[in-house]
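J.: Take this structure, written in structure tokens, and hold onto it; I'll ask about it next.
The values are calculated or read from the model by the stated rules, or taken from the named source; none is laboratory data. All of these numbers come straight from a predicted model, not from anything done at the bench. All Cβ positions, even for glycine, are placed from backbone atoms using ideal geometry, and neighbour counts span all protein chains on display. Each accessible area value is taken on the protein alone, full model and side chains, heavy atoms only, with ligands, DNA and RNA left out. Shrake-Rupley method; radii C 1.70, N 1.55, O 1.52, S 1.80 Å.
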Amino acid sequence: AERPPVDVDALATGVREGSRSLLARAITLVESNRPDHRAAAQELLLALLPHSGGAARVGISGVPGVGKSTFIESLGTRLTGAGHRVAVLAVDPSSTRTRGSILGDKTRMAKLAVDENAFVRPSPSAGTLGGVARATRETIVLMEAAGYDAVLVETVGVGQSEVTVAGMVDTFLLLTIARTGDQLQGIKKGILELADVVAVNKADGSHERDAKVAARELAGALRMMTPTHETWRPPVLACSGRTGAGMDEVWAAVQEHRATLDADGALGRRRADQQVEWMWAMVRDQLMDRLQAAAKDTIGELESDVRGGDLTPTLAAARLLDTLGLPPNP
Ligand code: GDP
């Protein structure tokens, strides 16, 4: 059936005027993989780009069960209570596999989900991490154009998705729970290195003491690592999403981190670098997609020839690139 073309101007105006329904429609548009939607989405983003950039973009990561949704619900309601407009997005590439996303699920943030100054959007199910990341980055532009001044991007503490989220935010906040001594090994070094602020969560009741001890130990471990920015030492704080203890201090640290970057122009550079890195990520993803589509009938055979030692990897790579009409490197 003939579908009506997308009215990009009406969407752009609606988003800027703060219409929730048009904002939701704009997000659905940027999440779509249909070629005509992709074209309309890019037109929309180009129109909104001059009105974006106004939010504190914060990544929030931690393993399942660390208390992310409780924390975001608590932080988010504090922020809206203080007059902010809060967007909660999620990057969860596993949501396509498990059917139905876990992160950003509105039932996990019941108060924020009905808060008129908050907008909670579950992870898009765009397939690959690259697809999810693209949709989320583009949604950040929409949210900022709509006047949201705090964008919280939630992700799980496993795998590549944290690196991806760190590449789209100003401040990367790692949530962890009390671990000491040997257990510190359980926190992956690569993830700790991404963190601008670390919070030991669930510092309440009988866990409070442990959390504070763990925060001190972790701060010691962090001092051994290369800081994310020369003038910033990632602080380690203790907090409780459940009781709200320490939450103001965590948010103050996030703001202080941004202010520190902003003071010497690093915030603008970080964002500009992220845009360029995003461009290259898109090129890599699309080249691979096209290659896999163009060579789909020969990939299996070439792989088995390489496995069996009948063909060198270099020659096989040249044949694959040839399906896109690309000559091999000399
Ligand atoms: P997520 O999987 O990281 O989103 O974690 P949830 O927010 O769903 O919390 C996982 C479990 O930890 C739930 O049973 C929560 O009730 C509990 N929890 C979350 N935050 C806190 C906290 O600050 N203190 C305590 N004691 N428990 C918490």
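J.: What are the residues in region 246-257 that are assigned to a helix (DSSP H, G or I), small (Gly, Ala, Ser) and surrounded by 15 or more Cβ atoms within 10 Å (Cβ to Cβ), if any?
T.: Ala253
Each row is one residue, and each column tells you yes or no for (1) over 22 Å from the mean Cα position of the chain (by Cα); (2) surrounded by fewer than 21 Cβ atoms within 10 Å (Cβ to Cβ).
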| position | (1), (2) |
| --- | --- |
| Leu22 | yes, yes |
| Ser32 | no, yes |
| Arg38 | no, yes |
| Leu44 | no, no |
| His51 | no, yes |
| Gly54 | no, yes |
| Pro64 | no, yes |
| Thr70 | no, yes |
| Leu75 | no, no |
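J.: Could you go through region 148-165 and let me know if any residue there is assigned to a helix (DSSP H, G or I), over 27 Å from Glu208 (Cα atoms), away from the ligand (no atom under 16 Å from the Cβ) and at pLDDT 95 or above.
T.: The answer is no; no qualifying residue exists.
J.: Another question about this same structure. Within region 187-195, does at least one residue satisfy the condition of being at pLDDT 85 or above and either under 20 Å from Thr70 (Cβ atoms) or touching a strand residue (DSSP E or B) at 6+ places or on another chain (Cβ under 7 Å) (or both)?
T.: Within region 187-195, one or more residues are at pLDDT 85 or above and either under 20 Å from Thr70 (Cβ atoms) or touching a strand residue (DSSP E or B) at 6+ places or on another chain (Cβ under 7 Å) (or both).
Residues are listed down the side, and each one gets a yes or a no for (1) within 16 Å of the ligand (Cβ to nearest atom); (2) small (Gly, Ala, Ser); (3) touching a Phe, Trp or Tyr at 6+ places or on another chain (Cβ under 8 Å); (4) not assigned by TED's automatic domain parsing to the domain that holds Arg134:
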residue	(1), (2), (3), (4)
Asp36	no, no, no, yes
Glu43	no, no, no, yes
Ala47	no, yes, no, yes
Gly59	yes, yes, yes, no
Pro64	yes, no, no, no
Gly67	yes, yes, no, no
Phe71	yes, no, no, no
Leu79	no, no, yes, no
Ala82	no, yes, no, no
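J.: Then there's this: Keeping to region 27-42, report how many residues are touching a residue at least 12 places away in the same chain (Cβ under 8 Å) and small (Gly, Ala, Ser).
T.: Matching residues across region 27-42 total 2.
J.: Residues Met247, Met282: which one is hydrophobic (A, V, I, L, M, F, W, C) and more than 30 Å from Thr128 (Cβ to Cβ)?
T.: Every option except Met247 fails the conditions.
Per-residue answers, yes or no, for (1) open to solvent by 80 Å² or more (accessible area, probe 1.4 Å); (2) within 22 Å of the chain's Cα centre (by Cα); (3) in the same structural domain as Glu144 (by TED's automatic domain parsing); (4) away from the ligand (no atom under 16 Å from the Cβ):
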site	(1), (2), (3), (4)
Lys189	yes, yes, yes, yes
Leu194	no, yes, yes, yes
Asp204	no, no, yes, no
Glu208	no, no, yes, no
Ala214	no, no, yes, no
Trp232	no, yes, yes, yes
Gly244	no, no, yes, no
